[in-house]
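Asks: Right, I'll just put the structure down here and ask away after.
The values are calculated or read from the model by the stated rules, or taken from the named source; none is laboratory data. Keep in mind the model is a prediction, meaning the values are calculated, not measured. Note that we place each Cβ from the backbone using ideal geometry, even for glycine, and neighbour counts take in every protein chain shown. Ligands, DNA and RNA are stripped out before the accessible areas are found, and what is left, the full protein with its side chains, is counted by its heavy atoms. Shrake-Rupley method; radii C 1.70, N 1.55, O 1.52, S 1.80 Å.
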Amino acid sequence: METLMVDRVHSSLRLFMHRNAVFLCERLCAQFPSETNVQLLATCYLHNNQPYAAYHILKGKKLPESRYLFAMSCFRMNLLREAEDTLCPVNEPNIEVPSGATGHYLLGVIYRCTGRMSAAAEQFTQALTLDPLLWAAYEELCILGVAEDADECFSEATALRLQQEHASTSALEKSNFANENRILSSSLPSSLGDIIPKQMKQLHANNAAEVPGYPHVRATALHVQNSTPSNIAQFDNPSPTASQTSSIVPPPLFRNVHAYQNTISGDAPAKQKANGANQPLRRKYLDEARLKKVSGRLFNQSSDSMPRRSARLSRDTTINSNSNSNISQFGGNGTDHSSGKLRVNSSTPSKLCSTAVRSVQVRKGKPRATENFDEGSRYEVIDEMWTDNVPAPSSSVSTTEGRFFEQDKAERIMLQDSKVAIGIRELLGLLRTLGEGFRLSCLFKCQEALEVFRKLPESQFNTGWVLCQVGKAYFELVDYLEADHYFELAHRLSPCTLDGMDIYSTVLYHLNAEMRLSYLAQELISIDRLSPQAWCAVGNCFALRKDHETALKNFQRAVQLDSRFAYAHTLCGHEYSALEDYENSLKFYRCALQVDERHYNAWYGLGVVYLRQEKFEFAEHHFRRAFQINPRSSVLMCYLGMALHSLKRNEEALEMMEKAIAADKKNPLPKYQKALILLGLQKYTEALEELERLKEIAPHESSMYALMGKIYKQLNILDKAVFCFGIALDLKPPAADLAIIKSAMEKVHLPDELMDDDL
């Protein structure tokens with residue numbers, strides 16, 4: 001009953017029938033309250049999203065599996081301290097973390113959530129050491145920015161280790177299988193007299209089953225007798241001589257039934273010498289009866305008890321076949337001629353060896369299920385059971401067949417090991433490429449990451465995860481058109497994948513694609529209303545319309561759904577900053593950093609707030625922290641240079657602007673800021689040259705023409721100054737800049753000391 005209930009619970013979990021699994025497992029624990037069953041019940045509760053129930057039944061349990069499940073329950077309930085104490089008790093520092101690699105991974109996640117990044121990295125590294133295929137651990141190390149090269153993590157040494165582990169596991173399973181066979185062979189009865197009457201009745205009932213389509217023929221079983229003499233005269237065969245038995249080897253495991261008769265069953269039933277008329281009948285009989293699959297255990301006999309083939313039996317069958325009677329005689333009482341059907345006399349007291357009970361039988365019903373050998377491989381008997389004119393093999397032939405079988409078995413093992421080795425290397429090669437690309441992406445080495453991802457085969461590249469990673473790389477490179485292309489392709493190939501869709505919505509925000517952004521937000525909400533990515537898309541849609549209050553509500557909804565979603569906190573900070581609520585803006589940026597201290601967007605947001613508040617030292621500190629995380633961002637370089645310029649550190653600021661321009665030649669902001677710095681250093685000619693280069697990139701930027709007009713005024717080229725101010729006004733600048741440009745244009749003929757320094 002217990003085994004049946006456990007099997008039903010596992011089946012329900014496998015088929016996602018979680019409520020059914022919980023109900024059955026509760027009955028199981030009530031009837032059989034062992035800790036193993038309690039662990040199964042806790043697993044059902046966790047699958048059914050009831051961590052509190054699992055927490056209740058596992059509290060105080062000491063087995064490793066119970067500790068791991070209890071820690072998982074605590075983690076889901078946000079009881080991080082209790083989960084940590086369960087996995088790594090303070091009073092027992094030498095106790096092992098339960099569940100191996102997964103236990104270390106869970107402990108690492110707990111450390112990361114509590115801000116202990118170095119300890120988290122150690123646990124993730126330990127998990128990856130125990131299980132090199134635990135991708136989640138390597139992913140976490142990449143997010144923390146401390147992952148080693150994928151070539152080292154998924155190296156050839158790792159492949160060899162996995163092969164050794166697979167070989168040792170396979171050898172252990174085969175050893176256990178051999179032990180089971182040995183125990184089973186010793187426990188089976190050695191003679192027919194040892195079989196209980198009910199088993200004997202069932203055995204002969206099966207032997208007497210009719211063959212469908214041939215009511216005059218009974219399906220006979222192949223009986224294998226022991227080498228002990230029988231009390232039936234016609235089966236009393238002479239013993240082999242010493243020369244005959246000296247070279248006999250154990251029979252091959254998976255030979256056809258006929259070979260099994262010849263090499264093992266010395267007292268097996270006689271085969272009829274069939275005439276031409278009977279051969280088609282026998283072949284059709286075999287096709288319809290469907291010979292059973294034979295387990296390797298069936299032939300597990302020792303060489304010293306090897307049955308021998310009866311010469312008298314061969315002689316008798318020749319006589320019987322020539323007498324034109326389709327009767328095979330297995331018992332001492334002959335046949336029942338009145339019925340016309342072949343029967344086996346159940347009163348025959350002939351003795352069987354241990355394999356008699358497990359003999360191959362042709363039954364009337366469905367085929368008998370055989371046992372697995374060598375990890376579930378099944379071998380069928382492919383030769384016919386009865387063939388004509390097959391001589392009894394000699395001991396030398398048996399030895400040759402045994403050698404051939406051993407050679408064939410060795411070749412199969414070598415082929416299987418070769419396939420396993422190839423599979424391991426292919427998998428590690430794939431993980432090596434994916435891991436290296438993801439590691440470079442997390443380090444914001446986006447161009448190198450793109451080159452690595454392009455090495456993937458087409459089938460792997462055209463998947464949602466890879467395309468999203470490529471889109472993120474282009475997003476960090478501020479190439480929004482390419483990012484849009486790959487995100488759109490990823491969404492088309494995998495429309496229900498929500499990871500990365502928050503970044504996709506930001507890409508559409510920067511492209512001012514209002515209609516597409518609105519459609520994406522509605523689509524994501526229809527897929528999963530409880531995903532933070534969907535509400536971030538909705539918030540970006542309202543932010544694009546300058547409805548910052550509504551956008552803020554949607555971003556806060558994303559935070560409520562997942563408080564560990566750092567980007568939602570950052571977007572809330574951006575909206576508060578747009579509303580000039582700097583206090584709340586700083587609060588949300590700091591919350592984002594508590595979730596992920598490498599989230600450079602939050603460091604950038606803090607720097608922008610302090611820059612607007614004219615706290616330039618604080619601004620420079622936060623911009624530099626963001627720059628240390630993402631040292632290839634042209635935007636971060638530019639803002640850091642602006643903070644340095646505000647601190648009157650113009651040389652450093654100018655150097656940083658040069659780096660920003662080199663990092664992204666299409667970004668107009670560092671060119672404009674460089675011209676401002678040069679203007680402050682009174683290098684008017686160089687400033688004008690930089691603005692001329694900027695004009696090629698952004699020819700419709702009003703602030704650029706206003707700055708050119710100011711420089712021409714300083715150079716006393718008044719007509720060009722008026723011309724530039726006029727163009728700036730024609731380009732419809734923002735309302736805040738409009739009044740400043742008009743004032744500068746009106747005062748263009750006044751001395752410099754009377755002009756306002758607003759531009």
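Asks: Suppose a student asked you for the relative contact order of the range 1-169, using Cα pairs under 8 Å spaced at least 6 residues apart; what percent would you report?
Replies: 11
Asks: A follow-up question, please. Could you look at the range 1-169 and say what percent of its accessible area is carbon and sulfur, using a 1.4 Å probe and all protein chains?
Replies: With neighbouring chains kept in place, the figure for the range 1-169 is 55 percent.
Asks: Net charge around GLY435, counting only other residues with Cβ within less than 13 Å of its Cβ (Lys, Arg = +1; Asp, Glu = -1)?
Replies: Net local charge, GLY435 excluded: -4.
Asks: May I ask for log10 I(q)/I(0) of the range 621-731 at q = 0.09, 0.11, 0.13, 0.23 Å⁻¹, from a Debye sum over the Cα atoms as equal point scatterers with solvent left out?
Replies: Log-scaled intensity ratios, in q order: -0.24, -0.36, -0.49, -1.19.
Asks: Also, quick follow-up: Karplus couplings for the range 160-169 from phi (6.51 cos²θ - 1.76 cosθ + 1.60, θ = phi - 60°), rounded to Hz, Gly and Pro as x?
Replies: 3J(HN,Hα) across the range 160-169, in whole Hz: 4, 5, 5, 5, 5, 5, 5, 5, 5, 5.
Asks: Also: Multiplying the sequence separation of ARG564 and ALA136 by 0.36 nm and subtracting their Cα-Cα distance, what value in nm do you get?
Replies: 152.4 nm
Asks: Once both labels are modelled 7 Å past Cα along the beta-carbon direction, what's the VAL478-GLU458 spacing in nm?
Replies: Roughly 3.6 nm, to one decimal.
Asks: Within the range 65-170, report the trypsin sites (Lys or Arg not before Pro) that DSSP leaves as loop and that have at most 16 other Cβ atoms within 10 Å.
Replies: Passing sites in the range 65-170 are ARG116.
Asks: Show me, for the range 424-435, the HN-Hα J-couplings you get by feeding each phi into the Karplus relation (A = 6.51, B = -1.76, C = 1.60, θ = phi - 60°), rounded to Hz, glycine and proline as x.
Replies: The phi angles translate into 5, 5, 5, 5, 5, x, 5, 5, 5, 5, 5, x Hz.
Asks: Right, next: Could you tell me the largest-minus-smallest coordinate of the C-alpha atoms of the range 1-169 on each of the three principal axes, in descending order and whole angstroms?
Replies: Answer, in whole Å and largest first: 51, 39, 29 Å.
Asks: Additional query: Between ALA421 and GLN594, what is the label-to-label distance in nm when each label sits 7 Å out along the Cα-to-Cβ direction?
Replies: 5.4
Asks: For the range 461-591, state what percent of all Cα-Cα pairs lands in each successive 10 Å bin, counting from 0 Å until the bin that includes the largest distance.
Replies: Pair shares across the bins are 15, 44, 35, 7, 0.
Asks: Using a Förster radius of 30 Å, what is the FRET efficiency between ASN584 and MET515 based on their Cβ-Cβ separation? Nearest 0.05, please.
Replies: In this case the efficiency is close to 0.45.
Asks: If you count only protein heavy atoms with a 1.4 Å probe, what accessible area per residue comes out for the range 1-169, rounded to a whole Å²?
Replies: 52
Asks: Taking K and R as +1 and D and E as -1, what net charge do the other residues with C-beta under 12 Å from the C-beta of GLU152 add up to?
Replies: That sum, taken over residues with Cβ under 12 Å, equals -3.
Asks: Once the other residues with Cβ under 13 Å from the Cβ of LEU467 are scored (Lys, Arg +1; Asp, Glu -1), what is the net sum?
Replies: Cβ neighbours under 13 Å give a net charge of -2.
Asks: Keeping all protein chains in place, calculate the accessible area per residue for the range 538-640 (probe 1.4 angstrom), answer in Å².
Replies: Normalised by residue count, the accessible surface of the range 538-640 is 45 Å².
Asks: Would you mind getting me the FRET efficiency between ARG492 and HIS749? Use the beta-carbon distance for r and R0 = 51 Å, nearest 0.05.
Replies: 0.25
Asks: Would you mind checking the pairs LYS587/LYS666; LYS546/LYS742; LYS445/LYS648 and listing those with alpha carbons more than 28 angstrom apart?
Replies: LYS587/LYS666; LYS445/LYS648
Asks: What part of the accessible area of the range 688-741, given as a whole %, is carbon or sulfur when the probe is 1.4 angstrom?
Replies: Of all accessible area on the range 688-741, carbon and sulfur atoms account for 57 percent.
Asks: Could I ask something else about it? Once you place label points 7 Å from the Cα toward the Cβ at GLU35 and LYS732, how far apart are they in nm?
Replies: 7.5
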